């Protein structure tokens, strides 16, 4: 609500404090009130410009009619044994889903990164058939198909944001013992 061109900085001789004055028409009153040595006008080049955030906010508008909070959500759940992909609306109601097991991978092959990629590509094609182009992406779990599923979704769909929703225990139950191979 202030105009940058009207900001003028003054340094007083007695105290060395800086007084910022916002109206040019009251300049004479300021000269009579303080002993002023230096007068420096601040131009827009001197004022640092705050950069826009790269992270989306809840009111970010991607299209004139679509807000960020109304975008559909793709959830990738990558476990060590399988990779599941869900397409939900902005409220969390599932529209379609797929997994590596549904795509034809059996037993231990379901947990591979290639199986995660195939499952994500299949979900992206289903999303395109439903008319979904822009999505938010939530990734959950630390399975091997995690990164390949994200790359496959980003290559087909327009991913606006990626959020990691992996649950982290705050010293909860005792973890499983580490595998020795």
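Here are a few things to note about the model shown:
- Of all residues in the range 113-157, those satisfying the criterion of being in a loop (DSSP other than H, G, I, E, B) and touching a strand residue (DSSP E or B) at 6+ places or on another chain (Cβ under 9 Å) are 130, 132, 133, 141, 142, 143, 144, 145, 157.
- Residue pairs whose Cβ atoms lie under 9 Å apart, sitting 6 or more positions apart in sequence or on different chains, and linking a residue in the range 117-134 that is touching a residue at least 60 places away in the same chain (Cβ under 8 Å) to a partner that is assigned to a helix (DSSP H, G or I) and surrounded by fewer than 21 Cβ atoms within 10 Å (Cβ to Cβ), are 132/126.
- Selection status of residue 77, more than 17 Å from residue 152 (Cα to Cα) and at pLDDT 90 or above: no
- Residue match in the range 96-105 (condition: outside any loop (DSSP other than H, G, I, E, B), under 30 Å from residue 66 (Cα atoms) and touching a residue at least 40 places away in the same chain (Cβ under 8 Å)): no
- Here residue 176 clears all of (1) in a strand (DSSP E or B); (2) free of Cβ contacts under 8 Å to residues at least 12 places away in the same chain except the condition numbered (1).
- Taking the range 102-112 as the range and being surrounded by 17 or more Cβ atoms within 10 Å (Cβ to Cβ) and within 13 Å of residue 80 (Cα to Cα) as the test, the residues that pass are 110, 111, 112.
The values are calculated or read from the model by the stated rules, or taken from the named source; none is laboratory data. Remember, it's a predicted structure, so these values are computed and weren't measured experimentally. No Cβ is skipped: glycine too gets one built from the backbone with ideal geometry, and neighbour counts run over all protein chains shown.
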